[in-house]
1. In nm, what is the difference between 0.36 nm times the number of residues separating T274 and A54 and their Cα-Cα distance?
2. With the other protein chains left in place, how much accessible area per residue, in square angstrom, belongs to the chain at a 1.4 angstrom probe?
3. Kirkwood hydrodynamic radius (Cα pairs, Å) of segment 145-295?
4. Report the far tail of the P(r) of segment 1-148, meaning the percent of Cα-Cα pairs longer than 22 Å.
5. Full extension from A122 to Y79: what is 0.36 nm times the residue separation minus their Cα-Cα distance, to one decimal in nm?
6. Give me the lysines in straight-line cross-link reach of K80: C-alpha distance below 29 Å, same-chain residues under 8 apart excluded.
7. Using label points projected 7 Å from each Cα along Cα→Cβ, tell me how many nm separate E27 and A148, to one decimal.
8. Counting C-alpha atoms alone, how compact is segment 3-54: give Rg to one decimal and Dmax as a whole number, in angstrom.
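The values are calculated or read from the model by the stated rules, or taken from the named source; none is laboratory data. All values derive from a computational prediction rather than experimental measurement. Virtual Cβ from ideal backbone geometry, glycine too; neighbours counted across all protein chains shown. Protein only, heavy atoms only, side chains kept; ligands, DNA and RNA dropped before computing areas. Shrake-Rupley method; radii C 1.70, N 1.55, O 1.52, S 1.80 Å.
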Amino acid sequence: MTRIAVAGASGLIGSALVRSLAADGHEVLRLVRRAPRAADEVRWDPKGREVDAARLVGCEAIVNLAGAGVGDHRWTAAYKQEIRDSRVLGTTVLAEAAAALPEPPRVLLNGSAVGYYGDTGARAVDESAAAGDGFLPGVCVEWEAATAPAHQAGIRTVLARTGLVVSRDGGAWGKLFPLFKAGLGGRLGDGRQYWSYIALHDHVAALRHLLDTESLAGPVNLTAPHPATNREVTAAMGRVLRRPALFPVPAPVLRTVLGEMAGDVLGSTRAVPTRLLESGFDFAFPGLEDAIRAA
């Protein structure tokens, strides 16, 4: 049995990871922003830069998946600050706490995103690519840099650059399923932009793989091997759900409805999981239709 602390344990990915770890007999401590109501909960306050570090003693791993949802609200100046602070401040708190423990954890597995690369067009990028330009790449750069205290303390630090998680229960894809089931699905913009996706099952399995693989540190793309264009996503959703996909959303409409966030919806990120594959990870649902059917 291993003790593992998880921040962001109530989110789509975090809750699935907690279930997976608990099912295998690991002791999981869930970090919460309110007063703990159960023995497995640990109080923390990312904005106040506080965490009950005494409860982290004995943890072999800390997993940080916390962060405000990028697609939950229109990108006002205030919400953009919330997106940044929820990631950077929380990561700083946990990295510093881990580094200060008398027996530090052997690994800090920290969230990041393929948004790091910005708009890559049709060009495929792996973990060796430089950061892109814009708001989300800037957030990812700061987010990853905030893990420095843990890395400097000799803790193996892994940066999970996540793509779009295919699930009907949340995230961007969770918003697509009801539309397509109602026959209202369609491509976004011209549909040529690449979506780097990963099935929820594979994402959790990849996180477990990162925890267990001592040779992995630094950035690792958590995406399926073959990113798909939005046109391909639209067609696959229609086939799997047996619904027409006849309602394209023009780019000007997206910009009106979503504001600045439309740039990322219409942007193209073709990220490939080079390091994950080289480390021997096997995808259960590598294909687009496989991932949609699994959801």
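1. Contour length minus Cα-Cα distance gives 75.5 nm.
2. 44
3. Computed over segment 145-295, the radius equals 16.5 Å.
4. Of all Cα-Cα distances in segment 1-148, 42 percent exceed 22 Å.
5. 12.5 nm
6. The reachable lysines, counting only those whose Cα sits under 29 Å from K80, are K47, K175.
7. Result: 3.4 nm between the two label points.
8. 11.0, 34
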